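The values are calculated or read from the model by the stated rules, or taken from the named source; none is laboratory data. All values derive from a computational prediction rather than experimental measurement. All Cβ positions, glycine included, derive from the backbone under ideal geometry; neighbour counts span all protein chains shown. What goes into the accessible areas is simple: the full protein's heavy atoms, side chains included, and nothing from ligands, DNA or RNA. Shrake-Rupley method; radii C 1.70, N 1.55, O 1.52, S 1.80 Å.
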Amino acid sequence: EGRLTLFAQPIVSLRDRKHPLGFELLLRLRDDGDGPGDPGRLLAVAQRYQLLPMVDRYVVDQAFAILAPHREVLARQRITMAVNVSGQSLSDPEFATHFIEQLRLSKLPTGCIVVEVTEQVATGNLAKAAEVMRRLRAAGCGIAIDDFGTGANSLAYVHQLPVTRLKIDGSFVRDITTNKKSEAAVRGIVQLARDFVLQTVGEFVEDQQQSDLLRRLGVDFGQGYLFGK
(Lines give C-alpha, C1' and ligand atoms only; values in the text may rest on other atoms or scores of the structure.)
Protein backbone atom coordinates (compact mmCIF):
# COMPACT_ATOMS: atom_id res chain seq x y z
CA GLU A 1 0.00 0.00 0.00
CA GLY A 2 3.02 2.31 -0.05
CA ARG A 3 2.76 3.07 3.67
CA LEU A 4 6.36 2.16 4.52
CA THR A 5 8.55 5.27 4.64
CA LEU A 6 12.21 5.91 5.40
CA PHE A 7 13.30 8.68 7.73
CA ALA A 8 16.88 9.72 8.53
CA GLN A 9 18.39 10.54 11.94
CA PRO A 10 21.75 12.35 12.04
CA ILE A 11 24.92 10.90 13.54
CA VAL A 12 27.31 13.72 14.43
CA SER A 13 30.95 14.00 15.43
CA LEU A 14 31.45 14.74 19.13
CA ARG A 15 35.06 15.82 18.71
CA ASP A 16 35.08 17.80 15.48
CA ARG A 17 31.94 19.60 14.35
CA LYS A 18 33.47 19.89 10.87
CA HIS A 19 33.52 16.12 10.47
CA PRO A 20 31.00 14.99 7.83
CA LEU A 21 27.61 14.03 9.14
CA GLY A 22 26.23 10.54 8.84
CA PHE A 23 22.65 9.32 9.07
CA GLU A 24 20.78 6.19 10.08
CA LEU A 25 17.79 5.31 7.90
CA LEU A 26 14.78 4.32 10.03
CA LEU A 27 11.63 2.60 8.81
CA ARG A 28 8.25 4.05 9.74
CA LEU A 29 4.72 2.88 8.95
CA ARG A 30 2.37 5.71 7.99
CA ASP A 31 -0.89 5.50 9.91
CA ASP A 32 -4.38 6.35 8.64
CA GLY A 33 -3.75 10.00 9.35
CA ASP A 34 -0.61 9.96 7.18
CA GLY A 35 1.58 10.51 10.22
CA PRO A 36 4.72 8.42 10.86
CA GLY A 37 3.87 5.53 13.17
CA ASP A 38 5.97 2.91 14.91
CA PRO A 39 6.49 -0.16 12.66
CA GLY A 40 6.99 -2.44 15.68
CA ARG A 41 3.86 -4.57 15.19
CA LEU A 42 4.53 -4.96 11.48
CA LEU A 43 8.10 -6.10 12.10
CA ALA A 44 7.02 -8.49 14.86
CA VAL A 45 4.57 -10.20 12.50
CA ALA A 46 7.13 -10.22 9.68
CA GLN A 47 9.63 -11.90 11.99
CA ARG A 48 7.11 -14.52 13.12
CA TYR A 49 6.32 -15.52 9.53
CA GLN A 50 9.91 -15.30 8.24
CA LEU A 51 9.09 -12.26 6.08
CA LEU A 52 11.72 -9.86 7.42
CA PRO A 53 13.97 -10.42 4.37
CA MET A 54 11.12 -9.06 2.22
CA VAL A 55 10.96 -5.91 4.37
CA ASP A 56 14.75 -5.62 4.29
CA ARG A 57 14.79 -5.85 0.49
CA TYR A 58 12.15 -3.13 0.29
CA VAL A 59 14.25 -0.87 2.55
CA VAL A 60 17.44 -1.55 0.58
CA ASP A 61 15.78 -0.91 -2.79
CA GLN A 62 14.10 2.28 -1.53
CA ALA A 63 17.28 3.55 0.13
CA PHE A 64 19.46 3.06 -2.94
CA ALA A 65 16.80 4.58 -5.23
CA ILE A 66 16.61 7.67 -2.99
CA LEU A 67 20.38 8.04 -2.56
CA ALA A 68 21.65 7.20 -6.06
CA PRO A 69 20.77 10.57 -7.67
CA HIS A 70 22.83 12.30 -4.95
CA ARG A 71 25.92 10.09 -5.25
CA GLU A 72 28.23 12.99 -6.14
CA VAL A 73 27.21 15.05 -3.10
CA LEU A 74 27.52 11.99 -0.83
CA ALA A 75 31.01 11.32 -2.18
CA ARG A 76 32.11 14.94 -1.89
CA GLN A 77 30.83 15.31 1.68
CA ARG A 78 31.89 11.75 2.65
CA ILE A 79 28.48 11.13 4.23
CA THR A 80 27.63 7.66 5.53
CA MET A 81 24.11 6.20 5.45
CA ALA A 82 23.35 3.33 7.84
CA VAL A 83 20.79 0.67 6.87
CA ASN A 84 19.46 -1.87 9.38
CA VAL A 85 19.47 -5.54 8.38
CA SER A 86 17.62 -8.30 10.25
CA GLY A 87 19.06 -11.61 11.42
CA GLN A 88 16.96 -13.51 8.88
CA SER A 89 18.54 -11.54 6.04
CA LEU A 90 22.01 -11.79 7.53
CA SER A 91 21.72 -15.58 7.33
CA ASP A 92 20.55 -15.50 3.70
CA PRO A 93 23.29 -15.50 1.01
CA GLU A 94 20.68 -14.51 -1.60
CA PHE A 95 19.95 -11.31 0.32
CA ALA A 96 23.65 -10.42 0.31
CA THR A 97 23.77 -11.04 -3.44
CA HIS A 98 20.75 -8.77 -3.98
CA PHE A 99 22.17 -6.09 -1.69
CA ILE A 100 25.55 -6.05 -3.42
CA GLU A 101 23.97 -5.99 -6.89
CA GLN A 102 21.73 -3.02 -5.97
CA LEU A 103 24.73 -1.25 -4.44
CA ARG A 104 26.70 -1.77 -7.66
CA LEU A 105 23.85 -0.45 -9.80
CA SER A 106 23.43 2.61 -7.57
CA LYS A 107 27.10 3.58 -8.07
CA LEU A 108 27.19 4.99 -4.56
CA PRO A 109 30.70 5.83 -3.29
CA THR A 110 32.68 3.20 -1.40
CA GLY A 111 32.10 3.50 2.32
CA CYS A 112 28.83 5.42 1.97
CA ILE A 113 26.63 2.52 3.09
CA VAL A 114 26.96 1.13 6.61
CA VAL A 115 25.06 -2.07 7.43
CA GLU A 116 23.72 -2.11 11.00
CA VAL A 117 22.99 -5.34 12.82
CA THR A 118 22.11 -5.86 16.48
CA GLU A 119 24.45 -7.63 18.87
CA GLN A 120 21.95 -10.49 19.29
CA VAL A 121 21.62 -10.91 15.50
CA ALA A 122 25.36 -11.09 15.02
CA THR A 123 25.75 -13.89 17.53
CA GLY A 124 22.64 -15.85 16.42
CA ASN A 125 24.52 -17.74 13.72
CA LEU A 126 28.08 -16.48 13.87
CA ALA A 127 29.41 -18.49 10.93
CA LYS A 128 26.69 -17.40 8.49
CA ALA A 129 26.73 -13.83 9.78
CA ALA A 130 30.50 -13.62 9.36
CA GLU A 131 30.30 -14.92 5.77
CA VAL A 132 27.63 -12.39 4.75
CA MET A 133 29.39 -9.53 6.57
CA ARG A 134 32.67 -10.31 4.81
CA ARG A 135 30.90 -10.16 1.44
CA LEU A 136 29.35 -6.80 2.33
CA ARG A 137 32.71 -5.45 3.54
CA ALA A 138 34.37 -6.60 0.33
CA ALA A 139 31.68 -4.68 -1.59
CA GLY A 140 32.71 -1.48 0.22
CA CYS A 141 30.17 -1.35 3.08
CA GLY A 142 30.89 -0.53 6.68
CA ILE A 143 29.54 -2.87 9.38
CA ALA A 144 28.05 -1.47 12.60
CA ILE A 145 27.01 -3.46 15.67
CA ASP A 146 23.92 -1.82 17.18
CA ASP A 147 23.00 -1.95 20.90
CA PHE A 148 26.58 -2.90 21.72
CA GLY A 149 27.54 -3.89 25.25
CA THR A 150 24.42 -5.79 26.28
CA GLY A 151 25.44 -9.24 25.03
CA ALA A 152 27.52 -11.89 26.73
CA ASN A 153 30.05 -12.52 23.93
CA SER A 154 30.87 -8.99 22.75
CA LEU A 155 34.63 -9.43 22.70
CA ALA A 156 34.45 -12.77 20.89
CA TYR A 157 32.48 -11.60 17.89
CA VAL A 158 34.22 -8.22 17.58
CA HIS A 159 37.34 -10.33 17.16
CA GLN A 160 35.72 -12.63 14.57
CA LEU A 161 33.49 -10.30 12.52
CA PRO A 162 34.61 -7.58 10.06
CA VAL A 163 33.14 -4.78 12.18
CA THR A 164 33.95 -1.09 11.58
CA ARG A 165 31.67 0.66 14.08
CA LEU A 166 30.29 -0.02 17.58
CA LYS A 167 27.04 1.68 18.58
CA ILE A 168 26.99 1.89 22.38
CA ASP A 169 23.63 0.77 23.74
CA GLY A 170 21.41 3.63 24.86
CA SER A 171 20.88 2.08 28.31
CA PHE A 172 24.46 3.12 29.15
CA VAL A 173 24.01 6.63 27.77
CA ARG A 174 20.68 7.50 29.42
CA ASP A 175 22.13 7.58 32.94
CA ILE A 176 25.81 8.04 32.15
CA THR A 177 25.99 11.35 34.04
CA THR A 178 24.61 9.83 37.26
CA ASN A 179 25.66 6.17 37.16
CA LYS A 180 29.36 5.38 37.53
CA LYS A 181 28.78 1.81 36.29
CA SER A 182 27.38 3.12 32.99
CA GLU A 183 30.33 5.50 32.71
CA ALA A 184 32.74 2.63 33.35
CA ALA A 185 30.99 0.46 30.75
CA VAL A 186 31.31 3.18 28.10
CA ARG A 187 34.97 3.72 29.01
CA GLY A 188 35.60 0.00 28.54
CA ILE A 189 33.83 -0.08 25.17
CA VAL A 190 35.85 2.92 23.98
CA GLN A 191 39.10 1.21 24.95
CA LEU A 192 38.02 -1.97 23.16
CA ALA A 193 37.15 0.04 20.05
CA ARG A 194 40.52 1.79 20.10
CA ASP A 195 42.37 -1.49 20.39
CA PHE A 196 40.46 -2.84 17.36
CA VAL A 197 40.55 0.50 15.49
CA LEU A 198 36.76 0.89 15.36
CA GLN A 199 34.49 3.94 15.40
CA THR A 200 32.14 4.43 18.37
CA VAL A 201 28.66 5.98 18.43
CA GLY A 202 26.74 6.85 21.58
CA GLU A 203 23.01 6.27 21.07
CA PHE A 204 20.04 8.07 22.70
CA VAL A 205 21.96 11.28 23.44
CA GLU A 206 19.29 13.68 24.70
CA ASP A 207 21.12 16.48 26.54
CA GLN A 208 24.38 18.41 26.38
CA GLN A 209 25.73 16.89 29.61
CA GLN A 210 25.54 13.39 28.13
CA SER A 211 27.20 14.62 24.93
CA ASP A 212 30.04 16.35 26.80
CA LEU A 213 30.78 13.30 28.96
CA LEU A 214 30.76 10.94 25.96
CA ARG A 215 33.21 13.25 24.22
CA ARG A 216 35.51 13.32 27.27
CA LEU A 217 35.40 9.51 27.43
CA GLY A 218 36.55 9.37 23.80
CA VAL A 219 33.33 8.41 21.99
CA ASP A 220 33.58 9.50 18.34
CA PHE A 221 29.96 10.16 17.37
CA GLY A 222 26.60 10.87 18.97
CA GLN A 223 23.06 10.08 17.89
CA GLY A 224 19.81 11.10 19.55
CA TYR A 225 17.25 13.83 20.02
CA LEU A 226 19.90 16.35 21.07
CA PHE A 227 21.12 16.33 17.47
CA GLY A 228 17.92 15.55 15.60
CA LYS A 229 14.79 13.44 15.72
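What the table below lists for this structure:
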{"quantity": "Helix 126-138 axis, angle to the chain major axis (alpha carbon atoms, nearest 10°)", "calculated": "80"}
{"quantity": "Between 0 and 90°, nearest 10: helix 93-106 axis offset from the chain longest Cα axis", "calculated": "90"}
{"quantity": "Unit charges on C-beta of K, R, D, E only; dipole of the chain, Debye", "calculated": "700"}
{"quantity": "Distant alpha-carbon pairs in the chain (separation over 26 angstrom), percent", "calculated": "37"}
{"quantity": "Given Lys128/Lys181; Lys167/Lys229; Lys128/Lys167; Lys128/Lys229; Lys128/Lys180, the pairs whose alpha carbons are separated by over 28 Å", "calculated": "Lys128/Lys181; Lys128/Lys229; Lys128/Lys180"}
{"quantity": "Per-residue SASA entry for Thr178, accessible area with 1.4 Å probe, Å² rounded to 10", "calculated": "120"}
{"quantity": "Over the chain, relative contact order from alpha-carbon pairs under 8 Å, at least 6 apart, %", "calculated": "19"}
{"quantity": "Cα long-axis angle, helix 52-67 against the chain (0 to 90 degrees, to the nearest 10)", "calculated": "80"}
{"quantity": "Accessible carbon and sulfur surface of the stretch 8-48 relative to its total accessible area, %, 1.4 Å", "calculated": "49"}
{"quantity": "Heavy-atom accessible area per residue - the stretch 121-229, 1.4 Å, Å²", "calculated": "47"}
{"quantity": "The stretch 128-225, relative contact order [Cα under 8 Å, separation at least 6], %", "calculated": "24"}
{"quantity": "DSSP beta bridges in the chain [antiparallel fraction, %, rounded to 5]", "calculated": "40"}
{"quantity": "Accessible carbon and sulfur surface of the stretch 156-208 relative to its total accessible area, %, 1.4 Å", "calculated": "51"}
